[in-house]
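Here the structure comes first, spelled out in structure tokens, and everything after it is commentary.
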Amino acid sequence: MAPGLRLGWLRAPAALRRAAVVAKQSADLHTSTVDQLAAAHYLRTVDLDAHTATVRTAYRERRDALQDALSRGLPADCEWNLPAGGMFFWARLPEGHDATALLGTAVAHGVAFVPGAPFFAADPDPRTLRLNFTTHTPDEITEGVGRLAAALAEYGVKRLQGFSAGGRP
């Protein structure tokens, strides 16, 4: 319905349900009652399946725009996945580079990403970055990848001869 809303439901035996409620409350100090009421109203009055179909179409278009822009804009020795679902691409810089170190240069070029290292349970890969494709139009995505390519060049990731699309990390 809305990725940032962070609401869900659970059907469980009473003993398990109470333990789940306590665990959730300790994790987020309780979800906003107003948000819960707004979500309940929305679910009563809107066709969620139709909304999901609309969002799926928009996300697919934006995902494909990012895939195309990455193929044209990033050096050949960068890698990335083509997500089958979700909201993010995972990319990897060439050996010897650090996404967290690149972030300041990227921001100076007017583009941002989330460094991937904090998402690893063990042995983080500092070369990884997470790229969201859901909040911008295909034209904005293309511009953003152009800015990222400029930041990569300034940071020291060079385009290689024989440029081709990146592979899966």
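The values are calculated or read from the model by the stated rules, or taken from the named source; none is laboratory data. The structure displayed is predicted, hence computed values, not measured ones. Note that each Cβ is placed from the backbone with ideal geometry, even for glycine, and that neighbours are counted across all protein chains shown. These accessible areas exclude ligands, DNA and RNA; they are computed on the full protein's heavy atoms, side chains included. Shrake-Rupley method; radii C 1.70, N 1.55, O 1.52, S 1.80 Å.
Details
- All told, Thr128 meets the bar of being buried (at least 16 other Cβ atoms within 10 Å of the Cβ), β-branched (Val, Ile, Thr) and under 29 Å from Val55 (Cβ atoms).
- Against the numbered list (1) in a helix (DSSP H, G or I); (2) surrounded by 12 or more Cβ atoms within 10 Å (Cβ to Cβ), Gly86 comes up short only at (1).
- Any hit, segment 109-119, residues being open to solvent by less than 30 Å² (accessible area, probe 1.4 Å), at pLDDT 95 or above, out of contact with any strand residue (DSSP E or B) (no Cβ under 8 Å at 6 or more places or on another chain) and of a type in the set (Val, Ile, Thr): yes
- Which numbered condition Ala99 misses (of (1) free of Cβ contacts under 8 Å to residues at least 40 places away in the same chain; (2) open to solvent by 50 Å² or more (accessible area, probe 1.4 Å)): (2)
- Residue within segment 44-52 that is open to solvent by 70 Å² or more (accessible area, probe 1.4 Å) and among the β-branched types (Val, Ile, Thr) present: yes
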